[in-house]
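The values are calculated or read from the model by the stated rules, or taken from the named source; none is laboratory data. The structure presented is a predicted model; accordingly, all values stated were derived computationally and were not measured. Ideal geometry is used to build each Cβ from the backbone, glycine not excepted, and the neighbour counts take in all protein chains shown. The accessibility values were calculated without ligands, DNA or RNA, using every heavy atom of the protein model including side chains. Shrake-Rupley method; radii C 1.70, N 1.55, O 1.52, S 1.80 Å.
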There are 4 protein chains.
Amino acid sequence: MDTAAEGRRRENWREDVAGRANVADTPELEAYYDALEALSMGPLWTVANKIEPWHPVPDSVPVIWRWKDVKPAISRAPELVTPEQAGRRVIMLVNPGRRQHAAAVGLLYTGVQIMDPGECASAHRHMASALRFIMEGSGAFTIVDGERLSLNARDFVLTPNGTWHEHGVDASGTRCIWQDGLDIPLMNALDANFYEVHPNLNQTPHLPPEGSVALYGAGLLQPTEARANWRKPYSPLLKYSWEATEEALTRAARASDGSPYDGIIMDYVNPLTGGPVMPTIGASAQMLRPGERTKAHRHTGSFVYQVAKGSGYSVIEGVRYDWTERDIFVIPSWAAHEHANASDTDPAFLFCFHDLPVMRSLGIFREAALDEPHQTITRTA
Amino acid sequence: MDTAAEGRRRENWREDVAGRANVADTPELEAYYDALEALSMGPLWTVANKIEPWHPVPDSVPVIWRWKDVKPAISRAPELVTPEQAGRRVIMLVNPGRRQHAAAVGLLYTGVQIMDPGECASAHRHMASALRFIMEGSGAFTIVDGERLSLNARDFVLTPNGTWHEHGVDASGTRCIWQDGLDIPLMNALDANFYEVHPNLNQTPHLPPEGSVALYGAGLLQPTEARANWRKPYSPLLKYSWEATEEALTRAARASDGSPYDGIIMDYVNPLTGGPVMPTIGASAQMLRPGERTKAHRHTGSFVYQVAKGSGYSVIEGVRYDWTERDIFVIPSWAAHEHANASDTDPAFLFCFHDLPVMRSLGIFREAALDEPHQTITRTA
Amino acid sequence: MDTAAEGRRRENWREDVAGRANVADTPELEAYYDALEALSMGPLWTVANKIEPWHPVPDSVPVIWRWKDVKPAISRAPELVTPEQAGRRVIMLVNPGRRQHAAAVGLLYTGVQIMDPGECASAHRHMASALRFIMEGSGAFTIVDGERLSLNARDFVLTPNGTWHEHGVDASGTRCIWQDGLDIPLMNALDANFYEVHPNLNQTPHLPPEGSVALYGAGLLQPTEARANWRKPYSPLLKYSWEATEEALTRAARASDGSPYDGIIMDYVNPLTGGPVMPTIGASAQMLRPGERTKAHRHTGSFVYQVAKGSGYSVIEGVRYDWTERDIFVIPSWAAHEHANASDTDPAFLFCFHDLPVMRSLGIFREAALDEPHQTITRTA
Amino acid sequence: MDTAAEGRRRENWREDVAGRANVADTPELEAYYDALEALSMGPLWTVANKIEPWHPVPDSVPVIWRWKDVKPAISRAPELVTPEQAGRRVIMLVNPGRRQHAAAVGLLYTGVQIMDPGECASAHRHMASALRFIMEGSGAFTIVDGERLSLNARDFVLTPNGTWHEHGVDASGTRCIWQDGLDIPLMNALDANFYEVHPNLNQTPHLPPEGSVALYGAGLLQPTEARANWRKPYSPLLKYSWEATEEALTRAARASDGSPYDGIIMDYVNPLTGGPVMPTIGASAQMLRPGERTKAHRHTGSFVYQVAKGSGYSVIEGVRYDWTERDIFVIPSWAAHEHANASDTDPAFLFCFHDLPVMRSLGIFREAALDEPHQTITRTA
């Protein structure tokens, strides 16, 4: 059985380096530690080296969830639970190192949701920011603060913090599966999560369907009145179509070599600010050109990827993760990583969302190239 | 002959209103004023009511320059001067009240430039911000900081402050005419104008042609690296095509009633900030739906319009100005104005540029509806 | 012994409310959950109500550490460890609910440091932002990026993220004790912590002593050059004296009734931006006037208080915490709280630091008054 | 008599430089120009070199108004007009090159106001931003949006755009003289001036006297509530005392060598933003140390100086202007200038206000050192 004293002793993180804590346990000190503990106190020096590491040491580990595994798993859920029972019928993708936080990586949550034709979940809102990236099926829709939006494969859709939202699939549609992304673990870490069920359980759309796409979707021109009056901290545009995204990447490749670490990479932006789509979650799309293999780097921030098109692999901390369409994988903060397109003829496309807006708002983004352009691959996952 | 004293006397702006200056001239005071003048001083009270008016009293007057007059006028220029001689072969549109400032309205300059196939003007840069809106012809191009851009009818093109730029028409093209817009009078009013001729007289393009359109033209997705590193105060996107503009307005009309004063109106934005395209000049496009007549309002800011498509009229301070394609007209600050589409079947489109970014940066934008929705039309211009 | 299945079962957070997850465990579902778990997946619905609570449910609890307990505890440390061994000779104040994170409340760390005359710790820097509030003793100093600052009772001192810093006490001084505040738990939660030991172990000051106080300490006038060129995300002023703080509060009370919830409360600001002193930690000082008892409210954000002067009590979630000079107490996010000055003749002063800059940057500050002005006191801590 | 044609001919600004306009007048062209003029058009090339100069060519000239001249001039005004008649009893200081704009330099206005004990002018507000710097006398006060402020020698006081304000001298005071500074010419150049007389002609103060000084005057601490809620574009602090200003400069000199061009120079800041006190006018105070002579530079922006203390001289475009206490002088945009303290024992202090906030908001600040550290003095003014 664990005692507090044993717990503490296991926590003496000594380092024999000038400027680091290096205090040996003695009976006298242990008695002192016990006395402190009784007062809700503790010696900094036994844990200083742990809580102030030389560089980030995430609990999160790299993980890949392959579609060949995810699809059968999620496909059983409709047999077992209804959306009403489940609230939302979602299978979470859980990082083995972050099980307590229901996190896929860092303070980001992701899951895969499945809905059948005619199903609809009830409306709610929360402090957490949410997005989805559509995987397959037809007839899915979402209603966000009274605006109905249809969802097609690879569309990127926002349900920002504080907006009422609900999802469903038209009776004329097919079974739909999409990925959800939220910052639930961040909101909980910051003790700032709130949740409300819509007073009518479901919304009656009162705005033109796809209205935000009509108004803000042109990107380069924005409505004069709305532009002057929008005060919310997130994008007024709620859906970004895949077609335009792929075209944007393809055109950018004509004018730019992109990033040595990411190929052609572009951020989805709030068209009224040029900033991230939501204050706590950003999203990007990237294209690896045929045969492209990027260089390795590391940086702060946690990333969740979905393979939008093509096949290839990423090397994360020396381990090779092969991926193909609809696979989902994560890269923890400060993990060395690089990407490769397996095809010499077709581009590969990755969608990702991440917490870089948090890193940048708080001034803690840091980036470093590795000494060598590529990592040595130690194994294949 | 004018004497200083006579000049001053004509300037006693008395008002018989409590709180306003109301000092009668007397021989004693006139002697005092003469003494002050010799010391580069003067009484505030003789001019206070003039320099602190109840509301803006622009020197600018509303003017329309009709294409039927402008085209023949500009078309004579190529017979008379070369681009080399002229620097730029441009006919200025000069407000009768702003002749000294070479201004079309307020502190905005506009002119109409003409170039024949094979012609090219030399490269320069200046503190003034510049834009152009293409009127007719094919084969025109501009080179901005090493990027070559082709110019087609109704394209909106930037040559921001401090960028090297030059214009020409391909030998295979046709005679081209476009409208230039600049803030030259503003730069001069602020004593901040600078001008440089390119050391080589002409640029050798070193960037991909239309590169900024390829990189930034998607609007909703922006290149990750460039987005993080752009420090200039203007849009990195240098050309906004008309086709996308008309489509944006048409789609916005499906989701919005627009503005009661302007119909469907959208601002061209810097995609990296959502702000105006340049720090001192903004631009907008608006659509008047078939049969639409907007309500009257007034606001600070000076506006230069070009009719992009269709026919209609604007009522400015009670005077009706009928307009059709390529006509150019101006609305001075605080002038009451409203717009009407003359067609019951086709939309009309107006392009405009203005100094609203200055009004907003300096905190001096002010707007008021009129008591009545429409002005009484006192005459037709 | 715990099995994963048992662990999960304990985690079925059902709620019998429309719109909330409410799925009963069945053998079939449990088998499904086991299968998911093997794939690093899990059902959202068993934990949805837990991870998306109706309102924040912090692990942190209110705690008070009284000086009468803290002083003897910290005073033993010099007998037991040297600064060299300990890195820093600090006793952490650890929230019983946040022991794993070494947090005093939320994602904020605090501790009490002690140094004897002639002692000096080595220089380091880290991504975590740090501050201190001086409790007692004379002759303490800190060196921040080459600037030496002396520390006197109740001075508030910054060692912002990324600055080299070290602390010591002059040989001619007395034993010194101060409170440290850092966002170490936040940096770890965000996987963004870094640490470096100074290459020379100690800095040689190369800037004028107290130079930032001389340059930026006037507040209302700021050096023209520095103001135009400062790019760092934190205040260039590194020390805020108590004398000026107490005077500011006393003068503000002449012109303002202050806040119904906090009395006369003012924020320490970065004089170059008017914003918080560091991007992740803000600090405030407040005065409770003689006899003042504030109203109760709750809001997001975690707070660490030190009683700077006087005596009184705070009611936190119905529990009364009496406090006097140098006592330290914490208020978790969303906890109802109110403050009272125990004296009818003298003001009481509280210093506090908090994560409101994070709440505001991320758009997650939320505040609510209670229905009643005061809480019912259920017990005294 | 002038004809339009003659007017134009005088305006052919030819330059024999590649890239500049260089078109000789010919009878054919002159006929063309006449035809254009009749259509409110004109050739750009005859004026291009004038309106796009190589660098700013201000109409403003350097001027000094010496107290020995100003004091007798303003002192006669009370015998000749009452404040009621005059609105405000002010003698303008008018730049010989800017007489039409009632400007002292660039688009800045300045004047000297005089009031006798018991006098009070009526309340008004305007879009122009205003400030004053007190020269002599006791008992003066101003009321700004309901807050009464007493004015003492060298105090710097704001009456920002849109605030109701009025000035007076207590019956128990002495004759008071102060300098007014406004951006009236800027507001008129931008066609954005508005003026209103207070409905009651005078305000009844409803806020604590000197309340903004009590609340915001501490600089380094700002009231929490007000800080979060202030939305106006100017400083909430309305008075900056000279005593604190002189102390700030004196202390800064201990930690900084200041600017090679300006000595120890500091900006008055809005304590809620660290930015300029008003969106269109900034203010600075500078100290020239005993014997100090600064280096010469030039930059955009117009400046109005008042000598707060001491004696010295400035060299502006090669002309030496000796100055002593209360003298007022102006430096136009892009004029080369440098300053010298005439005393080897005492510091000299200059107050100035300027339009740098406009230069910076619009992105048109530019600065250059001269090739030589000092100008050759060609004459003494």
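Brief remarks on what is shown
- Apolar share of the accessible surface for the range B:244-381: 45 percent from carbon plus sulfur atoms, 1.4 Å probe.
- Calculated [θ] (222 nm, deg cm²/dmol) that DSSP helices of n ≥ 4 give over the protein assembly as shown, each run adding -39,500 (n - 2.57): -5000 deg cm²/dmol
- Percent of alpha-carbon pairs separated by more than 26 Å within the range C:1-121: 50 percent
- Taking a ≥ b ≥ c as the square roots of the eigenvalues of the Cα gyration tensor, the protein assembly as shown is classed as oblate, since a/c reaches at least 1.5 and a/b does not exceed b/c.
- Percent of Cα pairs exceeding the 20 Å cut-off, where the set is the range B:57-176: 45 percent
- Cut-off 14 Å, label 7 Å out along Cα→Cβ of B:ARG231, residues of the range B:121-135 by amide N: none
- Of all accessible heavy-atom area on the range D:4-51, the percent that carbon and sulfur account for (1.4 Å): 55 percent
- Under the combined filter of DSSP loop state and at most 16 neighbouring Cβ atoms within 10 Å, the range D:18-90 retains these trypsin sites (Lys or Arg not before Pro): D:ARG76.
- Among the listed pairs A:LYS50/A:LYS239; A:LYS232/B:LYS239; A:LYS232/D:LYS239; A:LYS295/C:LYS232; C:LYS232/D:LYS295; A:LYS50/C:LYS295, those with a Cα-Cα distance over 32 Å are A:LYS50/A:LYS239; A:LYS232/D:LYS239; A:LYS50/C:LYS295.
- In this structure the amide hydrogen of D:ALA103, modeled in the peptide plane, comes within under 5 Å of the amide hydrogens of D:ASN95, none closer than 5 places in sequence on its chain.
- For the chain pair C and A, the buried solvent-accessible surface (1.4 Å probe, both sides summed) amounts to about 7500 Å².
- Compactness index (Cα Rg / 2.2 N^0.38 Å), the range B:203-320: 1.26
- Cβ neighbours within 10 Å from other chains - mean over A:76-87: 5
- Oblate is the label for the range C:70-131, because a/c, from the alpha-carbon gyration tensor with a ≥ b ≥ c as root eigenvalues, is 1.5 or above and a/b does not exceed b/c.
- Intensity falloff of chain A expressed as log10 I(q)/I(0), Debye formula with alpha-carbon point scatterers, at q = 0.10, 0.12, 0.13, 0.14 Å⁻¹: -0.72, -0.97, -1.10, -1.23
- Each other copy holds its own label point for D:ASP69; taking that point as 7 Å from Cα along Cα to Cβ, the gaps run 4.7, 7.7, 8.8 nm, nearest first.
- Computed from label points 7 Å out along Cα-Cβ, the spacing between A:ASP16 and D:THR82 is 9.5 nm.
- Over all other residues within a Cβ to Cβ distance under 15 Å of D:ASP262, the charged ones net out to -1, with Lys and Arg as +1 and Asp and Glu as -1.
- Compared with the rule-of-thumb size 2.2 N^0.38 Å for a compact globular protein, the range C:148-211 has a Cα radius of gyration ratio of 1.33.
- Inter-chain shielding of C:357-370 (mean C-beta neighbours from other protein chains, 10 Å cut-off): 5
- Sites matching trypsin sites (Lys or Arg not before Pro) across the range D:199-242 that sit in DSSP coil, with at most 12 neighbouring C-beta atoms within 10 Å: D:ARG231
- One Cα centroid belongs to the range B:7-81, the other to the range C:85-125; the line between them spans 70 Å.
- Straight Cα distances below 17 angstrom link B:LYS71 to the aspartates and glutamates B:GLU79, B:ASP116, B:GLU136, B:ASP180, B:GLU325, B:ASP327, D:ASP34, D:GLU37, with same-chain residues fewer than 8 positions distant left out.
- All lysines inside 26 Å of D:LYS68 as judged from Cα atoms, apart from same-chain residues fewer than 8 positions distant: D:LYS309
- Rounded if a/c under 1.5, otherwise prolate or oblate - the range C:114-262, Cα gyration tensor axes: rounded
- Efficiency of FRET from Cβ geometry, C:ALA368 and D:THR345, R₀ 60 Å, rounded to 0.05: 0.45
- The 3J(HN,Hα) values that the Karplus relation (6.51, -1.76, 1.60; θ = phi - 60°) gives for the range A:327-336 are, in residue order, 5, 10, 9, 10, 10, x, 3, 6, 6, 5 Hz. Gly and Pro appear as x.
- Label point of A:ALA244 (7 Å along Cα→beta-carbon): distances to the other copies' equivalent points are 1.0, 5.0, 5.0 nm, sorted ascending.
- Sites B:TRP54 and C:GLU325, calculated FRET efficiency, Cβ-Cβ separation with R0 60 Å, nearest 0.05: 0.50
- Residues of the range B:10-29 that bury at least 50 Å² of accessible area when the other protein chains are present, relative to the chain alone (probe 1.4 Å, heavy atoms, ligands and nucleic acids excluded): B:GLY19.
- Calculated accessible area for the protein assembly as shown comes out at 34 Å² per residue, all protein chains present (probe 1.4 Å; ligands, DNA, RNA ignored).
- A straight line joining the Cα centroids of the range C:242-279 and the range A:134-169 runs 45 Å.
- Burial here means at least 40 square angstrom less accessible surface with every protein chain in place than with the chain by itself, probed at 1.4 Å; in the range D:210-258 the buried residues are D:ALA214, D:LEU215, D:LEU220, D:LEU221, D:THR224, D:GLU225, D:ARG227, D:ARG251, D:ALA255.
- In loop segments of the range A:236-334 as defined by DSSP, there are no chymotrypsin sites (Phe, Trp or Tyr not before Pro) with at most 13 further C-beta atoms inside 10 Å of their C-beta.
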